[in-house]
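The values are calculated or read from the model by the stated rules, or taken from the named source; none is laboratory data. Here the structure is a predicted model, which means the values were calculated and not measured. Counting neighbours? That spans all protein chains shown, and the Cβs are built from the backbone with ideal geometry, glycine included. What goes into the accessible areas is simple: the full protein's heavy atoms, side chains included, and nothing from ligands, DNA or RNA. Shrake-Rupley method; radii C 1.70, N 1.55, O 1.52, S 1.80 Å.
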Amino acid sequence: MATLRLGDIAPDFKAETTLGTVQFHEWLGDSWGVLFSHPADFTPVCTTELGTVANYYPEFVKRNTKVIALSVDGLESHMEWIKDINETQNTTVNFPIIADENKEIAILYDMIHPNASDKFTVRSVFVIGPDKKVKLTLTYPASTGRNFEELLRVIDSLQLTANYSVATPVNWKSGEDVVITTAIPDEDIPSKFPKGYTRIKPYLRMTPQPNL
């Protein structure tokens, strides 16, 4: 499988998870989705990550976003690991973890990088839109835990820019001003952005976040 690129259709699959059988596209429905992989069960960094996602779960729900994890271990191992996650991270894991012992999904999503490890998945992240297209990809080494606050920030940006003719500037957070895309001529701005705008340069025009 070639590396998935932005705009590609996320491959569909059927998998056994800790919350039952999942047909991926059907499970996503009209929601956004986050698929993220872990090198193995009972590993320290992964334990903190899954606990954090469980604690942030209401934030994903607010964004109409479903989360699903993957590890190349089996269901029985996953279920035992969840007990440790809940205990050590003071949480309740409330999203599915895919059992991918035969590595079919890991290979489908190019999650195994042989120069890093030919046995374990790297820390891959895929954000998938309701149209089932890949909107973001991130790849971390096994030794570095992910920043899920950053992932929520990116989802905010993706959802905003999908619905308005704007982009989000460096270090943007929800509630801050955004960039009007260069495709919008100055004369069309008042009707599209009634909150007003600041023209810093002909190509750099800022406006308050339009969906607030």
Normalising by the residue count of the chain, find the relative contact order in percent from Cα pairs under 8 Å and 6+ residues apart. 21 percent
For the chain, give the share of DSSP beta bridges that are antiparallel, in percent and rounded to the nearest 5; count only bridges with both residues there. 70 percent
Between 0 and 90°, nearest 10: helix 75-89 axis offset from the chain longest Cα axis: 60 degrees
Using only the Cα atoms of the stretch 30-110, build the gyration tensor, take square roots of its eigenvalues as a ≥ b ≥ c, and label the shape rounded, prolate or oblate: rounded if a/c is under 1.5, else prolate if a/b is larger than b/c, else oblate. oblate
Quick one: which residues, 5 or more positions from V178 or on another chain, have an amide H under 5 Å from its amide H? H modelled 1.01 Å from N in the peptide plane, none for Pro or chain starts. T207, Q209
Top to bottom by accessible area (1.4 Å), largest first, where do E16, E101 land? E101, E16
Over the chain: helical MRE at 222 nm, DSSP H runs n ≥ 4 each giving -39500 (n - 2.57), nearest 500: -8500 deg cm²/dmol
Distance check, please: which entries in K62/K173; K83/K132; K62/K103; K66/K133 exceed 25 angstrom between their Cα atoms? K83/K132; K62/K103
3J(HN,Hα) from dihedral phi, the stretch 167-173, Karplus parametrisation 6.51/-1.76/1.60, rounded to Hz, x for glycine, proline: 10, 10, x, 4, 6, 4, 10
Rounded to the nearest 5, what % of DSSP beta bridges with both residues in the stretch 1-86 are antiparallel? 35 percent
For the stretch 1-102 the mean separation of alpha carbon contacts under 8 Å (6+ apart) over residue count, i.e. relative contact order in percent, is 34 percent
Just to make sure I understand: if all protein chains stay in place, what is the order of Y203, Y56 by accessible area at 1.4 Å, largest first? Y203, Y56
Under a 10 Å cutoff between Cα atoms, tell me which one of G20, G129, G145 has the largest fluctuation in the Gaussian network model of the chain. G20
Please find the FRET efficiency linking L19 to A183, where r is the Cβ-Cβ separation and R0 is fixed at 35 Å, and quote it to the nearest 0.05. 0.25
Could you check which residue among A40, A162, A15 shows the biggest mean-square fluctuation in a GNM of the chain with a 10 Å Cα cutoff? A162
